[in-house]
1. To the nearest whole percent, what portion of all C-alpha pairs in segment 1-85 is separated by more than 23 angstrom?
2. For segment 1-139, what is the charge dipole size about the Cα centre, in debye to the nearest 20, if Lys and Arg each add +1 at the Cβ and Asp and Glu each add -1 at the Cβ?
3. Count neighbours as other Cβ atoms within 10 Å of each site's Cβ, and list the GluC sites (Glu not before Pro) in segment 203-247 that are DSSP loop with at most 11 such neighbours.
4. Could you sort 201-211, 91-101 so that the peptide with the highest average Cβ count within 10 Å comes first and the rest follow in order?
5. For the pair SER192 and GLN219, what calculated FRET efficiency results from E = 1/(1 + (r/R0)^6), where r is the Cβ-Cβ distance and R0 = 30 Å, to the nearest 0.05?
6. List, in the order given, every pair from LYS20/LYS196; LYS141/LYS221; LYS113/LYS141; LYS196/LYS221 whose Cα-Cα distance in the structure shown is over 31 Å.
7. In what sequence, highest mean first, do 37-43, 75-81, 12-18 appear when ranked by Cβ atoms within 10 angstrom?
8. Rounded to whole Hz and in sequence order, give me ³J(HN,Hα) for segment 264-277 from the Karplus expression 6.51 cos²θ - 1.76 cosθ + 1.60, θ = phi - 60°, writing x for Gly and Pro.
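The numbers here are math on the coordinates, done by the rules we state, and not lab data. This structure is a prediction, so every number in the text was calculated from the model and none was measured. In this analysis, Cβ positions are derived from the backbone assuming ideal geometry, glycine residues included, and neighbour counts consider all displayed protein chains.
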Amino acid sequence: MNIRQAKETIGNTVRSYLEKDDDGAYYIPAVQQRPLLLMGPPGIGKTAIVEQLAAEYGIGLVSYNMTHHTRQSAVGLPHPADREYNGKTVTVTEYTLSEIVASVYDCMEDTGKREGILFIDEINCVSETLAPCMLQFLQKKRFGSWQIPEGWVIVAAGNPRVFNRSARDYDIAVLDRLRTLSVQPDLDVWMSYAQKDGVHGAVLSYLAFHREHFFIVRQDKETTEYVTARGWQDLSTLLFSCERLEIRVDQDLVFSYLAVREIAEAFTDYYMLFRKCRQDMEKYGNGSAAGWGSWLSVLSSMAESSDSQECHILAGLLLEKLGTAFARYAKEEMLLSLGAQRFEETERTLKARNTDEEPLLLVLGLLEKWKES
């Protein structure tokens, strides 16, 4: 499946796992809520779709990359504790609260959200000492003696061994307790996200012209070559920065993001031509209502005398201008949503203090007025 289908599948699963009956109990008990395991190449947006879903559903999100963790941080630190068995006191080993489980509780306390997604990335690339703990986590939703709180859906992600030599495979006993989603790169799906996100027009138009360059991973004993969706996205961000700061873009800079030499060379040449076409257009309009008509008129005139590649560049200029406007609008919407969320958190915190202090009552009154407006 592609990343859009994966997002839809995860979203439907989250909705199913968090559905409750009239008594407030989950229809699907936690023991039957299989963790979702996203397996796919690096850089295709596995982390991004989980972040988007948490924001869209208004639930919590705790994200961990397991390559940064040791057994101690995942399970907790051992400490001695006294217990009594058959009237006899003995010393046993117990563990402090898992850092990962503690982060879930911290998220619940900080946001007031009792449900959420616990996202574990690079789950099949952990160390030998941590691997048994991850199996226990996938099978029983716990780290050591600490259970993941009810209402938290587990989503994990990993790369197949062909993309990561340190990755390990799971046996059937583990896989039978998971819902595995195999995700493949899809240019058309990525382009729809990229256009809305305001990705650089040179990237959009180049990939429309060279679809075969979107995703490449080649490895042998001597060389490793790769171009990923993440590479294109990050290169786009850098190109905008270089243009603002008037930093020269050359083949070596591009190669650090697109690690296939012939693709880096081809895109660099294409980008230079794109910049020239944009500079020819910059004196016409500025995106305002009056400027758009003039800008589009010149664009159409240039297209009539352009070859195939130049037409792609002109289309890229149009996509870039539209994408920039859309991204600005989306950012404003996100800020409004974030402001409303922060407002609700502040109001909830103030009310939780349960006091009649005059300053607090005044603030609560103001918050009510701001909410109405």
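1. Details: 1588 of 3570 pairs.
Roughly 44 percent, rounded to a whole number.
2. Working: 11 positive and 18 negative charges, 76 e Å.
My answer is approximately 360 debye.
3. Working: sites: GLU212, GLU222, GLU225, GLU243, GLU246; in loops: GLU222, GLU246.
Here the GluC sites (Glu not before Pro) that fit, given the DSSP loop and packing criteria, are GLU222, GLU246.
4. Numbers: 201-211: 20.5, 91-101: 15.5.
The most tightly packed comes first, giving 201-211, 91-101.
5. Numbers: r = 29 Å, r/R0 = 0.98.
So the FRET efficiency works out to roughly 0.55.
6. With Cα atoms farther than 31 Å apart: LYS20/LYS196; LYS141/LYS221; LYS196/LYS221.
7. Details: 37-43: 21.4, 75-81: 14.3, 12-18: 16.9.
Per-residue Cβ counts within 10 Å, averaged per peptide and sorted highest first, yield 37-43, 12-18, 75-81.
8. 4, 5, 5, 5, 4, 4, 5, 5, 4, 5, 4, 4, 5, 5
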